[in-house]
Amino acid sequence: MEHRNSSPQTHRVTGLEGQKPVSEEKVTAITTTNSESEIQKPVPRSKRNALPKVILAVLLAGGAIAAGIYAFRTWQYNQQYARKYQETDNAYVTANVSPITSRVSGIVTEVTVNDNQVVSANDVLMKIDKRDYLVSLTQAKASLELAKQQAELARERLNRDIVSASASNSDPANNNQAKQVATNAQQREIHQQQYKIALAAVAQKQADLRKAELQLSYTDITALVPGKVGNKSVSVGQQVQPGQTLITLVQPNPWIIANFKETQLEKIQPGQNVTITIPAFPNRTFSGKVDSMSPTSFGKVALPPQENATGYSNLPQDVQRVPVKIVFEPKSLQGYESRMTPGMSAVAVVETNNSLPAQKAPNLTPAQNAPNSTNPKDTKDTKNTNDTNTQEKKDNQTKERL
């Protein structure tokens, strides 16, 4: 085995005897140089920049596709949402606000309510000094009593005149007595007019007494409706005048005013369900119904502008908003009646998929459906008449030939 392996090696060395021997260091150096040249061979710049560009292009294409899919899905969702719902965030809470005013003038002696206090109807809110009105009431009573006494005296005089007239009529032949009767008649008429005037004076004094009593009652200012005290601008010792607003009462049962765009009103009808969210109560969702729509945009009544000389209208092209009244469901509002404040912002979503069914066309009779159609019987009679006329013409022509 060793001999066979050594022979080829000897033969190879024999073939290289004519060449110069090469040292081991040079062989190593040559081998190293060739390997380094192969590793450090420069790569073209176009190939080095191609890979990042390809990656960027793939990312951009993927992002564009994802954005397109998202935009399409969003558009499709908005279309489906718009068919079922109409939404606006231009809405706010409102309620009836009743100003409490004074009917009489005077000094405020007592204020019985505080800010934001809930009051009931006929509760006393404040009191005005009563002394001046008590004096007026006493004077009215005295004047009425005097008027009643004067009326009683006038009645007694009239009764005496009636008795005298009855006695004078007993002997009408006496001339002196006749004159006396005429005089008594005139006097009775005068006394009768005086009695009527006295009765009118009594009625007037009774009205004055009633007015004095009312003026005295107005010194106790009460709440006409239940509500919550707001904007209290009165204090003890303040001089108030008739018609001056002293307190504002916010009545319960608030509602929503939602200003929808005019392009949204086509599908909104009274009675539709509404979902209401109020930012002041983010964890509570309220429900309600569409009550009515305002006849004008934002409640303004104005004549539309006239057309100009060119025939084009001067109406604004901006989309207008129309207020829609939405009432709360009582159960939905339960527990939040006193916490609702007019002016709170809200978001209203109307469910338009429960619209009222369209009106059916009236059922028409066959004659109404085809008013121009003719009766088959009439058509047959007309045809028979035409055939008869034709036959008569033929007979006449035959007679003439004969």
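Every read-out reported here was derived from the displayed coordinates using simple, explicitly stated rules and does not represent laboratory data. Predicted model only: the values in this text are computed from it and were never measured. Note that each Cβ is placed from the backbone with ideal geometry, even for glycine, and that neighbours are counted across all protein chains shown.
Fewest first, what order do PHE72, PHE328, PHE281 take by the number of other Cβ atoms within 10 Å?
Details: PHE72 10, PHE328 22, PHE281 14.
With the sparsest Cβ surroundings first, the list reads PHE72, PHE281, PHE328.
Neighbour counts of other C-beta atoms within 10 Å: give me MET293, MET340 arranged from fewest to most.
Least crowded to most crowded, the residues run MET293, MET340.
Can you pick out the pairs among LYS84/LYS228; LYS130/LYS205; LYS261/LYS331; LYS127/LYS289; LYS228/LYS325 whose Cα atoms lie more than 31 Å from each other?
Working: LYS84/LYS228 38 Å; LYS130/LYS205 21 Å; LYS261/LYS331 29 Å; LYS127/LYS289 42 Å; LYS228/LYS325 22 Å.
Violating the 31 Å Cα-Cα cut-off are LYS84/LYS228; LYS127/LYS289.
Tell me, MET344, MET126 in order of fewest to most beta-carbon neighbours within 10 Å?
MET344, MET126
Using label points projected 7 Å from each Cα along Cα→Cβ, tell me how many nm separate GLN239 and TYR85, to one decimal.
Using points 7 Å along Cα→Cβ, the separation is 6.0 nm.
Under 5 Å between amide H atoms, partner at least 5 residues away or on a different chain: which partners does ASP220 have, H built in plane at 1.01 Å?
Amide H to amide H, under 5 Å and 5 or more residues apart or across chains, ASP220 pairs with ILE128.
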